[in-house]
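Peer 1: Mind having a look at this structure? Questions to follow.
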Amino acid sequence: MQQEGCCQRDGLPWSGRGTQLDISGCRFSLYPMDSDFVPLILGALGKTDTTAVWSQSDALSTVYRGRLPYVADAVRGLFINAWRHDVHMALEGQFSKGCPGDCDGDSLLARQGPPPNAAQVGDKHFPVLCKLALYPMGTGDYIDQIAQVWHMAEAAGLGPATIHYATRISGDVHQVFDYLESVCRLMEESVPHYILHFTLSVNSPTQE
């Protein structure tokens with residue numbers, strides 16, 4: 001089975017240079033629970049500035065790839081651009097860096113300057129629920145890594161709570177995205193390969 005995002009030679013995964021690249025990625029799917037979901041999805045994709053990331057969409061999902069600050073900025077921009085005050089919406093995705101064969105879509109790694117979506121969406125605020133599961137790869141102290149990001153959520157005021165197979169947090173949309181990006185940054189510095197799976201939800205009708 002081909003590894004996601006891996007290069008191939010002669011039909012086999014090739015791990016020649018992937019771990020040497022400063023390339024992060026996020027693959028995600030957006031789910032607006034509304035009869036007008038098509039214009040909501042396409043409209044958000046159209047409003048989001050993707051000039052700083054390599055992007056590709058298909059029938060299942062969209063992927064943004066490049067340097068972490070720009071990838072995180074594009075995902076944040078997409079989610080905020082899609083938000084409507086009366087629409088229940090979820091975003092399911094995963095950030096990752098370090099796949100041994102990860103060498104596709106690396107054309108924008110020299111990008112410099114401020115993240116292009118920050119000014120457009122920075123003044124929009126709304127509460128977000130989030131669950132996340134972190135998978136530090138290639139390290140024996142993964143439990144310590146997971147515990148560290150838990151404490152980071154506590155320090156950020158996101159009220160982390162343990163649920164089966166994941167951690168739940170909640171806060172303002174920018175607080176949550178800042179936290180997700182900070183977890184990715186920590187993992188980049190700490191482990192050779194990581195996966196951060198997350199689900200964001202707004203305007204849920206579930207009463208708790």
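Peer 1: Over the chain, calculate the relative contact order: mean separation of alpha carbon pairs under 8 Å at least 6 apart, over the residue count, as a percent.
Peer 2: Details: 384 pairs, mean separation 54.6, N = 208.
Averaging sequence separation for qualifying contacts and normalising by length gives 26 percent for the chain.
Peer 1: Which FRET efficiency, nearest 0.05, do Thr162 and Leu42 yield, Cβ-Cβ r, R0 35 Å?
Peer 2: 0.40
Peer 1: Could I ask something else about it? Rolling a 1.4 angstrom probe over the protein heavy atoms, how many square angstrom per residue are accessible across the chain?
Peer 2: Accessible area per residue, the chain: 52 Å².
Peer 1: Let me ask you something else. Give me the percent of accessible area attributable to carbon and sulfur for segment 40-107, probe 1.4 angstrom.
Peer 2: Here it works out to 53 percent.
Peer 1: Determine the calculated [θ] at 222 nm for the chain from helices alone, applying -39500 (n - 2.57) to every DSSP H run no shorter than 4 residues and normalising by the residue count; nearest 500 deg cm²/dmol.
Peer 2: The per-residue figure over the chain is -9500 deg cm²/dmol.
Peer 1: Need one word for segment 143-208: rounded, prolate or oblate. Basis is the Cα gyration tensor (sqrt eigenvalues a ≥ b ≥ c); a/c below 1.5 gives rounded, then a/b vs b/c decides.
Peer 2: Since a/c reaches 1.5 and a/b is larger than b/c, the shape of segment 143-208 is classed as prolate.
Peer 1: Please report the base-10 log of the normalised intensity I(q)/I(0) for the chain, using a Debye sum with one equal scatterer per alpha carbon and no solvent, at each q in 0.08, 0.15 (1/Å).
Peer 2: Those come out to -0.27, -0.98, one per q.
Peer 1: Find the relative contact order for segment 118-208 and round it to a whole percent, using C-alpha pairs within less than 8 Å whose residues are 6+ positions apart.
Peer 2: Computed over segment 118-208, the figure is 43 percent.
Peer 1: Further, regarding this structure: Under 8 Å for C-alpha pairs, at least 6 residues apart: give me the relative contact order for segment 52-160, rounded to a whole percent.
Peer 2: 25 percent
Peer 1: Which order do you get for Ile163, Ile80, Ile195 if you rank them by accessible area with a 1.4 Å probe, largest at the top?
Peer 2: The ordering from most to least exposed comes out as Ile163, Ile195, Ile80.
Peer 1: Another one. Could you tally the net charge around Lys131, taking each other residue with its Cβ under 14 Å from the Cβ of Lys131, Lys/Arg +1 and Asp/Glu -1?
Peer 2: Values: positive: Arg168; negative: Glu92, Glu208.
Once all neighbours under 14 Å are counted, the net charge is -1.
Peer 1: Taking each pair of different alpha-carbon atoms in segment 39-92 once, compute 1/r for the pair, average those values, and report the inverse of that mean as the Kirkwood hydrodynamic radius in Å to one decimal. Walk me through the numbers on the way to the answer.
Peer 2: Working: mean 1/r = 0.0862 Å⁻¹.
One decimal place: 11.6 Å for the Kirkwood radius.
The values are calculated or read from the model by the stated rules, or taken from the named source; none is laboratory data. Every value quoted in this text rests on a predicted model; they were computed, and no experiment measured them. Don't worry about glycine lacking a Cβ; one is built from the backbone with ideal geometry, like all the others, and counts go over all protein chains shown. Accessible surface is based on the protein model in full, side chains and every heavy atom, while ligands, DNA and RNA are left aside. Shrake-Rupley method; radii C 1.70, N 1.55, O 1.52, S 1.80 Å.
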